[in-house]
């Protein structure tokens, strides 16, 4: 701009004097900074416009204004007439010709094969599907329990209350009927135990019961249960059904999607679904008597007869009172409050108001007696006493008697080092400057090393030389130092300008290239570290924190650091050169400049320190916004069902306001800095101008104009430089946070053993005294587990909810390292094998089916190792051919995020098809058919038996019919290995000798138990397979390495262990003493041993 202006001025005959030249130059400098930032502002405007259009498009979408008209008949709760439902994003109809009416207080069971539309029916009633034709009427509030439980980050109590006021009596009854009392006892912090996102830290059964407790506590009029009993064992499932669904909720309207068909005869109505239609409905006895579809389904189900007999004999249980008695495998335990005739709850006592009685009963039901104050209080301060089981009393403020959210009502024993119940760790926040040597070298290393900095410094030196040459040449031109033609003066001036522009362009292109490379290097390093982080990291880190690192922090690294560095270096060089020029021409200016510099540095330090901490807090408080928003999207159906939108909006608003507080503080801090720097800059300009005028006779007009023009830049440069340094430090906050995740602890992946390429060839698995805990501050999940699985053996793993079944798979996959002990596969210590080799050798069908966004082909064969014919064969074996063939694109059908295109049961079948394609020597099945109807389950079990007959198979199941024909059954309880033998031998253990497996079978009911026994007894005992002598797995006869049984190891220090762990340890010893295995491996019945009973008689113990 200056070159063109001076050229036109000279061409028009103007004489370039110092007054004209430097006045013009000062004006050019005024508009230089706005022009410099104009491209960045333009880019921001374009991005803002794009964002505005996207938000506008989203806001213009049709609102979900689902409103249900009440039913006209006061006796009817739900009425659907000629309704057709479809998902909003799809054109195909999912449910057609739906007609039914449900009376208030009825229990309706919905049955049908996998993918028949059972879950879609509930979604339609909740308004999550579009009603294209017909009408849906519903009267009353709704409680919803989804098939995959939605648990949000917070405490157990937070998840149950879900924003509702705390009612101690209702809360206690809810805990009792949902079978959560034992779990709360074992949690270190009781109901204040924190759970992670999506219920991290809880077993599948605990998640399901916690979701059920939320619905029960809501005290809704209508309850919709989507296969809510699939993730619990038979005993807990029976208790939930009897005590909760048909007991405590007896007067409520209940719609239960049920794959546990033995519960259905107790329903008032049965809906049979097939192909998106209700093909049959009516009372169960009526349907059974007329040879219906329901009758055919029940005839194929082995467990229904016992329940049908019980319907006539059993009375619907009353909701449990304050005393709760549970059974732990023949070991009784009791958690009680005071007796029913306790003085505090005596019905004859005068003066007891209802609130005192509710609070007292609620506390007693949880094993705590609340001694509420009389009027005026028990003490001078009106405090109350809380009496725990041990008889000790602790003072509490009077206002804390009725707990609110965030206050524990249980007082658990000390079961481990961590009693706080905290699972999610607080996000670490560094202190001090972010421009540390470590952070700078981390970014410089990503840029390419010190060589890059030297190159940048050299280019900036050239750039500043060109700038000073340009200014000095203009001064010499204006004074006419040499007798040159106008074209010569103008040509040289243009060359200096071109050199300046060329250096700036080269520098910007170089930094842009290196900046992209640095951002990619930092991102890839962080991603690799996160992928290889241990499972503990993900259990204790909310997903919002990780998303925050990969979004906001990475964006600052991508677009914020290098432009700031470039501007900072340019402004610093400009300031240094300006100070040098002014100092040479007017040295007296330093009299003012030096003290002003100290004030400036002090101001900068104050600003940077405050801005840095504000930026850190702003980054830290952004993570909960992401986490909570992600949780809300995941649980949208549950939130809308409970009409908890306002509650979730309040939480989200709180997180947003907390984050925006720091943004506002940053803006205010910037305004404070601007005012102070403008004042300091004015002092510098005033002093430089005064000294320049006093020295005008010595300097001459050209140098005076040069000095003044350079002085005018000082204010802008000081302000810009201070802001740039602060912005650079703030930007390095992102580098610091990314660097933190680049230093995350990694899974142990040191390979000291290289197994053969075909490993494993046999599939022999050996556990030797294995102990494993998920975190150092919690008790172990596996305790001294020792057993051996022979090649190609089919082993079922059973146990109560939370027994440690899934932890076996965690240990085999080395998702968490063992605390002690060793695991061998074909004689190879898996801790010495690299993780990639180990995990490729094992296939798993997980409890929670995982599908990725992409095609069906990609989900089944991500590495493109199989042909389409093999994929279709696997789909056929998984009973999915008919489902996939009707999809648009078939194998190229795009699977929605999380597999939402399919039902939960179909997702599990797709995971089975994936395992069928891999053909690993070891297959682990973790409740893979929990959400599948019984008929499909039978087909899948047959597929597993035939297609994986040469594979070692470990099956975790609550449905005992899926593992009753296993070669052997492993029984776990609270981390202890209790039993391991053939189903027939475990069932043959006579009473009163303890046997968890026998008890589990008997709890399924008489008819089902007889069937299971017949299947177990019909199994031919598996011949013991000999292994090569050099195989490590050949360590003796299992389950014990020595011929004589040994007592399972127990910790010497039992301090702080719960009564349940003590009971389990005692039971473990009894089982071990009672069960023996033939040492010669013949497979014959073991020799009987005798055991003296308490009365002096002897009983026979059989293994």
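For the reader, a short list of remarks on this structure follows.
- Residue 71 being assigned to a loop (DSSP other than H, G, I, E, B), touching a residue at least 40 places away in the same chain (Cβ under 8 Å) and not assigned by TED's automatic domain parsing to the domain that holds residue 297: yes
- Comparison of 86, 81 shows that the only residue that is in contact with a strand residue (DSSP E or B) (Cβ under 7 Å, 6 or more places away or on another chain) and under 21 Å from residue 900 (Cβ atoms) is 86.
- Residue check, residue 613 under 22 Å from the mean Cα position of the chain (by Cα) and surrounded by 16 or more Cβ atoms within 10 Å (Cβ to Cβ): no
- The set of residues from the stretch 487-514 being within 30 Å of residue 551 (Cβ to Cβ) and in contact (Cβ under 8 Å) with a residue 60 or more places away in the chain comprises just one member, 514.
- Which listed residue is under 16 Å from residue 212 (Cα atoms), surrounded by fewer than 24 Cβ atoms within 10 Å (Cβ to Cβ) and within 27 Å of the chain's Cα centre (by Cα), from 183, 191: 183
- Residue check, residue 658 surrounded by fewer than 21 Cβ atoms within 10 Å (Cβ to Cβ), assigned to a helix (DSSP H, G or I) and either modelled with pLDDT of 90 or more or in contact with a helix residue (DSSP H, G or I) (Cβ under 6 Å, 6 or more places away or on another chain) (or both): yes
- Residue pairs whose Cβ atoms lie under 6 Å apart, sitting 6 or more positions apart in sequence or on different chains, and linking a residue in the stretch 447-463 that is closer than 11 Å to residue 573 by Cβ to a partner that is exposed (fewer than 12 other Cβ atoms within 10 Å of the Cβ) and modelled with pLDDT under 80, do not occur here.
The rows are residues; the columns are (1) touching a helix residue (DSSP H, G or I) at 6+ places or on another chain (Cβ under 8 Å); (2) touching a residue at least 60 places away in the same chain (Cβ under 8 Å).
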{"position": "742", "(1), (2)": "yes, yes"}
{"position": "777", "(1), (2)": "no, yes"}
{"position": "802", "(1), (2)": "yes, yes"}
{"position": "806", "(1), (2)": "yes, yes"}
{"position": "818", "(1), (2)": "yes, no"}
{"position": "826", "(1), (2)": "no, yes"}
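- From 669, 686, 694, residue being in the same structural domain as residue 575 (by TED's automatic domain parsing) and closer than 30 Å to residue 734 by Cβ: 669
- Here residue 115 passes the criteria (1) surrounded by fewer than 19 Cβ atoms within 10 Å (Cβ to Cβ); (2) not in a strand (DSSP E or B) except the one numbered (1).
- Boolean, residue 484 is surrounded by 14 or more Cβ atoms within 10 Å (Cβ to Cβ), without any contact (Cβ under 8 Å) to a residue 40 or more places away in the chain and in a loop (DSSP other than H, G, I, E, B): yes
- Helices (runs of 4 or more DSSP H) fully within the stretch 159-237 that include at least 1 residues being at pLDDT below 90 and within 30 Å of residue 1012 (Cα to Cα): 181-186, 204-217.
- Residues being in a helix (DSSP H, G or I), surrounded by 17 or more Cβ atoms within 10 Å (Cβ to Cβ) and under 40 Å from the mean Cα position of the chain (by Cα) are entirely absent from the stretch 495-510.
- Residue list for the stretch 616-648, filter: assigned to a loop (DSSP other than H, G, I, E, B) and surrounded by 16 or more Cβ atoms within 10 Å (Cβ to Cβ): 635, 642, 644
- Qualifying residue in the stretch 861-879 (condition: touching a strand residue (DSSP E or B) at 6+ places or on another chain (Cβ under 9 Å) and over 30 Å from residue 786 (Cβ atoms)): yes
The values are calculated or read from the model by the stated rules, or taken from the named source; none is laboratory data. It should be emphasised that the depicted structure is a prediction, and the values quoted were computed from it without experimental measurement. All Cβ positions, even for glycine, are placed from backbone atoms using ideal geometry, and neighbour counts span all protein chains on display.
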